[in-house]
Amino acid sequence: MGLKRIRFDKSEVDAVAVRFADADPQEVIAWALAGFGDAAMVVTGLQAEGMIILDMACRLRPSVRALTVDTGRLPQETYAFIDRVRDHYPAMRLQTLFPDHRDIEAFTRENGVNSFYNSVDLRMQCCNLRKVRPLARELERTDAWFAGLRRDQSPSRAHIRKIELDYTHGGIVKLNPLADWTKEDVWAYIREHDVPYHPLYEQGYPSIGCGPCTRAAFPGEDERAGRWWWETRAAKECGIHFSPVTGRTKRNGAFVAAMS
């Protein structure tokens, strides 16, 4: 027999979301770790926000489950940083996910290696094969996951709550403990607690993803400007949290126009 899954319905999650609306991130993380145990997982691309959640979770439970996705196109600095993170949190159980090589072979055979530059649709297909699908497979065995989203990062994230239902991944609980934090809050915590951070931040990268799809930001640009910079009308999202194609995000059982 399989393990009993922990499930919340919309009314239950709504009540918990209200309860924790103004809570510190540590309170949100502690609630989830106590309630879900090993069925809760930190999902991080190893950016500053994800590293903070990982740090907070490891302080509460050193052996916390965590995962990151190796898309096969990450900067070399990211691979070196993964090893640094493992050394810094030795009890943490960090899993690295990979895309299905058959999917990547079929996509590149038909469209080319760098076809994501040609259209939003092809870029989204690439993101889907390299990031969204591997994560979705793992979340099938998870009851709750932590993400490092902040409301002030982009219009598509302006309406996130600290605790939500993730219907895209089977109605499991999604936690955004840093939803109401600012960039200043993020870096203040990193400095105060000596949290490891990605070396590309020192080179002007405010947001870090795949190597071919990320550049440093220019003065005055927002935090997501360096992601898929050649796209002028699509939202700066890979599809895990928000769909640049539809302009909508699935939340609490309904599609909500994130740009409204």
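The values are calculated or read from the model by the stated rules, or taken from the named source; none is laboratory data. Owing to the predicted nature of the structure, the values given are computational and were not obtained by experimental measurement. For neighbour counting, all protein chains shown are included, and Cβ atoms are generated from backbone atoms with ideal geometry for every residue, glycine included.
Quick one: in the range 58-81, which of the residues that are crowded, with 16+ Cβ neighbours inside 10 Å and either of a type in the set (A, V, I, L, M) or at pLDDT below 95 (or both) is farthest from TRP145 (Cα to Cα)?
Filtering first and then ranking leaves LEU74.
Within the range 60-82, can you find the residues that are among the aliphatic types (A, V, I, L, M) and outside any loop (DSSP other than H, G, I, E, B)?
Residues satisfying the conditions are LEU60, ALA66, LEU67, VAL69, ALA80, ILE82.
Report whether or not ILE208 is farther than 25 Å from ARG86 by Cα, of a type in the set (A, V, I, L, M) and not in a helix (DSSP H, G or I).
So ILE208 fails the test.
So which residues in the range 1-26 are in a helix (DSSP H, G or I) and over 18 Å from THR182 (Cα atoms), if there are any at all?
Hits for the range 1-26 are LYS10, SER11, GLU12, VAL13, ASP14, ALA15, VAL16, ALA17, VAL18, ARG19.
How many of the residues making up the range 22-38 are among the aliphatic types (A, V, I, L, M) and modelled with pLDDT under 95?
Of the residues in that region, 0 qualify.
Taking VAL186 as meeting all but one of (1) farther than 25 Å from ASP121 by Cβ; (2) buried (at least 16 other Cβ atoms within 10 Å of the Cβ); (3) at pLDDT below 95, write down the number of the exception.
It fails just one condition, (3).
For the range 174-188, name all the residues that are without any contact (Cβ under 8 Å) to a residue 40 or more places away in the chain and not in a loop (DSSP other than H, G, I, E, B).
Within the range 174-188, LYS174, GLU184, ASP185, ALA188 qualify.
Can you pull out the residues in the range 143-164 that are buried (at least 21 other Cβ atoms within 10 Å of the Cβ) and more than 15 Å from the chain's Cα centre (by Cα)?
Result: ASP143, single match.
Scanning the range 98-124 for residues that are surrounded by 20 or more Cβ atoms within 10 Å (Cβ to Cβ) and within 15 Å of PRO212 (Cα to Cα), which turns out nearest to the chain's Cα centre (by Cα)?
The residue in question is MET124.
Among the residues of the range 137-145, is there at least one that is among the hydrophobic types (A, V, I, L, M, F, W, C), farther than 15 Å from CYS213 by Cα and at pLDDT below 95?
Among the residues of the range 137-145, at least one is among the hydrophobic types (A, V, I, L, M, F, W, C), farther than 15 Å from CYS213 by Cα and at pLDDT below 95, which makes the answer yes.
Conditions first: (1) in a loop (DSSP other than H, G, I, E, B); (2) under 19 Å from the mean Cα position of the chain (by Cα). MET41 passes all but one, so which condition is the exception?
The failed condition is (1).
Which number in (1) in a helix (DSSP H, G or I); (2) touching a residue at least 60 places away in the same chain (Cβ under 8 Å) marks the one condition that LEU46 misses?
Among (1) in a helix (DSSP H, G or I); (2) touching a residue at least 60 places away in the same chain (Cβ under 8 Å), the lone unmet condition for LEU46 is (1).
For residues that are under 18 Å from ALA21 (Cβ atoms) and of a type in the set (D, E, K, R), tally how many sit in the range 167-192.
3
May I ask you to say which residue of ASP55, ASP87, ASP83 is closer than 24 Å to GLU192 by Cα and either of a type in the set (Phe, Trp, Tyr) or in contact with a His (Cβ under 8 Å, 6 or more places away or on another chain) (or both)?
Residue meeting the stated conditions: ASP55.
For the list (1) part of a helix (DSSP H, G or I); (2) touching a residue at least 40 places away in the same chain (Cβ under 8 Å), I need the number of the one condition that ARG86 fails.
All conditions pass for ARG86, except number (2).
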